[in-house]
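Here the structure is laid out as C-alpha cells; the discussion comes afterwards.
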Amino acid sequence: MNIDTSVISTVNGSSTSGTTPRQSQELRESFLTLLITQLQNQDPLNPMENAEMTSQLAQINTVSGIEELNTTLKGITQQMDAAQTLQAAGLIDKAVLVPGNNVMVSVDPENGSYATPFGIELDSPAEKVEVTVTSQAGEVVYTNNLGRVAAGVESFSWGGITNGGESVPAGAYRVNFKATDSEGELLEARPLNYALVQGVTPGTGGSDVRLDLGAIFGQVSIDQVKQIL
C-alpha cells in the first residue's frame, strides 16, 4: 500500500511556499496520522515495504530539519546585522575616505587656506602617479608628481596652494590621477575624497547600513569606506 504522494509534496513544498510553522506542523501531523492509518489497514498479503516507509519518513524529517536550519540562520543573520550597525555607529564623527574626487577648500584669515585630504586606490603598485587639482570651471590650479605609490589605499594632503604659491579661493575642487607602471602602461587609479560621518541609517531589518556624510556627499554603504583617517 502506497502513501499518498500529494501529502509528501505539500509538506516538502512548505519550506519554499511561505507556509507558516504552525501550518507545516499540521501537515506533518496529518502525514503521520495517514501513515499510521495505512499501516493499521494495510493488506497483510501486500504490506508496505520497509524501504518505502523509511523513505517517506526521511522526507518528513527533512522538512523539520530545513525549518530548524532556517531558524538558526535567521538568528545568525540578525546578530550579524546588529554587529554591522554597531560597527557603523562607531564611525560617527570620524573622517573617512570614500569613492569620489572632491576636495573642499576653506580660507581662514588667520591660518590661511585649508584643503581636505584626498586619496587614491590602486589594484597594483604604480611607478609614477601624477595628481591634478582643477576648479569647478576646469582650470588647473595644482599639479604634482607623487612618485611611486604602493597598491591599496594611500591618502595625501594639499594645502590649497597653487604651484605658483598663491592661495586658491574657498570652494569645491576636483582631484584626478594618472598612474603608470614601470613600463609606462596606464593603471586604473580610483580617487577618494574626505568626508565626515555624521550619522547612521539602518536598512530594512538592520541590513544595508548607510553612513550619512552630510548634504554634499549624501549616504554611502559601510563597505564603501576605504580608509578611516
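The values are calculated or read from the model by the stated rules, or taken from the named source; none is laboratory data. This one's a predicted model, so the numbers in the text were calculated from it and none came from an experiment. Every residue, glycine as well, gets a Cβ built from its backbone with ideal geometry; the counts of neighbours run over all protein chains shown.
Some points to look at:
- Residue among Gly160, Gly119 that is closer than 14 Å to Val103 by Cα, surrounded by 17 or more Cβ atoms within 10 Å (Cβ to Cβ), under 31 Å from the mean Cα position of the chain (by Cα) and not β-branched (Val, Ile, Thr): Gly119
- When segment 118-170 is limited to residues that are in contact (Cβ under 8 Å) with a residue 60 or more places away in the chain and among the aliphatic types (A, V, I, L, M), the one that is farthest from Glu185 (Cα to Cα) turns out to be Ala170.
- In segment 206-226, residue surrounded by the fewest Cβ atoms within 10 Å (Cβ to Cβ) [restricted to those that are touching a residue at least 60 places away in the same chain (Cβ under 8 Å) and out of contact with any Gly (no Cβ under 8 Å at 6 or more places or on another chain)]: Ile216
- Subset of segment 171-198 (residues that are β-branched (Val, Ile, Thr) and surrounded by fewer than 22 Cβ atoms within 10 Å (Cβ to Cβ)): Thr180
- Failed item, numbered, when Thr201 is tested on (1) under 13 Å from Val129 (Cβ atoms); (2) surrounded by fewer than 14 Cβ atoms within 10 Å (Cβ to Cβ); (3) polar (S, T, N, Q): (1)
- Checked against (1) at pLDDT below 95; (2) within 21 Å of the chain's Cα centre (by Cα), Tyr114 meets all criteria but (2).
- Single condition Asp93 does not satisfy, out of (1) at negative phi; (2) surrounded by fewer than 18 Cβ atoms within 10 Å (Cβ to Cβ): (1)
- Residues being in a loop (DSSP other than H, G, I, E, B), assigned by TED's automatic domain parsing to the domain that holds Pro109 and free of Cβ contacts under 8 Å to residues at least 24 places away in the same chain are represented in segment 173-183 by at least one member.
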